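Visitor: Below is one structure. I have some questions about it.
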Amino acid sequence: MRLVDAVPICPLPVASKKKQVKAKQVVPVSVPPPASTPPVDSSSTGKLPIPVQKPARSAVGGNVAYFPPEDLSVESLAEFIELQQSDSKCEKILSKLKENPDLPFTVDSDGALYHVQVATDMDKKYRSHRRLVVPQALKAFVLRQAHGMIHMGSKRTSHIITGRYYWDGMVADILQWCSSCLVCRKRKTCRPLNAGIPKTMSCDRPFQRISLDLIGKFQKSGTNTH
């Protein structure tokens, strides 16, 4: 028998014909930017309007008014009196003062509004004096002039301002102004309140550790040499 007859003949695998799919070429299309649309009236669309976030109260030295609506400055007492007359709180004080003259406020001949502190009999060191009423727009000006000299603490700044000026809630405003001052934040660092917990030193034998307090040199007194 021949070798060819012993080996079975297997059919060769036929390669499957696959369809070749051509890839489509994607042509880039330039999309123009969206045009700015005019504001839509909420009444016509039925949707609620988007709330506008108001700027937060910035620290001392920012562009936002520390005491809304605006912070102003003056150069004379006449300008100070004009802002007093246009301030709403000063107008309320003047109207109440006409109804009740016993209130601790007074108006001088120039038209300036003052707060009067009357001394009592119990406090002999205290004396009566007048303090100029500060309008809302000049609070930051007064605080900047008093605190901005040498950037004192809240106690000294409050002592200077409360002895010359007056407005409602001034102590809280002074504390908040001093705590939000950027110059004081950078310059004044926190100091440790204590030096730490003391540790004991253990010794294994006598005279292992010796402590000496060296003082002198002293002058001799007579014949004493020690």
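Visitor: I want to confirm something. Restricting to the range 67-84 and keeping residues that are surrounded by 14 or more Cβ atoms within 10 Å (Cβ to Cβ) and either aromatic (F, W, Y) or assigned to a helix (DSSP H, G or I) (or both), which single residue is modelled with the lowest pLDDT?
Guide: F67
Visitor: Go through the range 175-187 and report how many residues are surrounded by 12 or more Cβ atoms within 10 Å (Cβ to Cβ) and at pLDDT below 85. Break it down stepwise before answering.
Guide: Within the range 175-187, the subset surrounded by 12 or more Cβ atoms within 10 Å (Cβ to Cβ) is 175-185.
Then drop every residue that is not at pLDDT below 85, which leaves 185.
Residues flagged as surrounded by 12 or more Cβ atoms within 10 Å (Cβ to Cβ) and at pLDDT below 85 within the range 175-187 amount to 1.
Visitor: State which residue is nearest to F80 (Cα to Cα) when the search covers only the range 167-180 and only residues that are among the hydrophobic types (A, V, I, L, M, F, W, C) and touching a helix residue (DSSP H, G or I) at 6+ places or on another chain (Cβ under 7 Å). Let's see the steps before the verdict.
Guide: Of all residues in the range 167-180, those among the hydrophobic types (A, V, I, L, M, F, W, C) come to 167, 170-172, 174-175, 177-178.
This time we only want the ones that are touching a helix residue (DSSP H, G or I) at 6+ places or on another chain (Cβ under 7 Å), so: 167, 170-171, 174-175, 177-178.
On the way: W167: 14, M170: 18, V171: 21, I174: 20, L175: 24, W177: 21, C178: 24 Å.
Across the range 167-180, the extreme among qualifying residues is W167.
Visitor: With surrounded by 10 or more Cβ atoms within 10 Å (Cβ to Cβ), modelled with pLDDT under 85 and touching a Pro at 6+ places or on another chain (Cβ under 8 Å) as the only criterion, which of V40, V60, V64 stands out?
Guide: Working: V40 fails: touching a Pro at 6+ places or on another chain (Cβ under 8 Å); V60 fails: touching a Pro at 6+ places or on another chain (Cβ under 8 Å).
Within the list V40, V60, V64, the selection yields V64.
Visitor: Another one. Does the range 106-114 include one or more residues that are touching a residue at least 12 places away in the same chain (Cβ under 8 Å), over 30 Å from the mean Cα position of the chain (by Cα) and buried (at least 19 other Cβ atoms within 10 Å of the Cβ)?
Guide: yes
Visitor: Can you pull out the residues in the range 153-169 that are surrounded by 13 or more Cβ atoms within 10 Å (Cβ to Cβ) and either in contact (Cβ under 8 Å) with a residue 24 or more places away in the chain or among the hydroxyl-bearing types (S, T, Y) (or both)?
Guide: Listed by number, the residues that qualify are S154, T157, S158, T162, R164, Y165, Y166, W167.
Visitor: Please work out if T157 is within 26 Å of C178 (Cβ to Cβ), at pLDDT 90 or above and among the polar types (S, T, N, Q).
Guide: yes
Visitor: Still on this structure: Looking only at the range 115-129, filter to residues that are in a strand (DSSP E or B) and modelled with pLDDT under 90; which one of those is surrounded by the fewest Cβ atoms within 10 Å (Cβ to Cβ)? Outline the logic, then answer.
Guide: At the first step, the residues of the range 115-129 found to be in a strand (DSSP E or B) are 115-117, 129.
Checking the rest, the ones that are also modelled with pLDDT under 90 come to 117, 129.
Values: Q117: 15, H129: 13.
Checking each candidate, the answer is H129.
Visitor: Inside the range 85-105, can you point out the residues that are surrounded by 16 or more Cβ atoms within 10 Å (Cβ to Cβ), touching a Leu at 6+ places or on another chain (Cβ under 7 Å) and part of a loop (DSSP other than H, G, I, E, B)?
Guide: Matches in the range 85-105: none.
The values are calculated or read from the model by the stated rules, or taken from the named source; none is laboratory data. From a predicted model like this one, the values you see are computed outputs, not experimental measurements. Please note: Cβ atoms are built from the backbone with ideal geometry, for glycine as well, and neighbour counts cover all protein chains shown.
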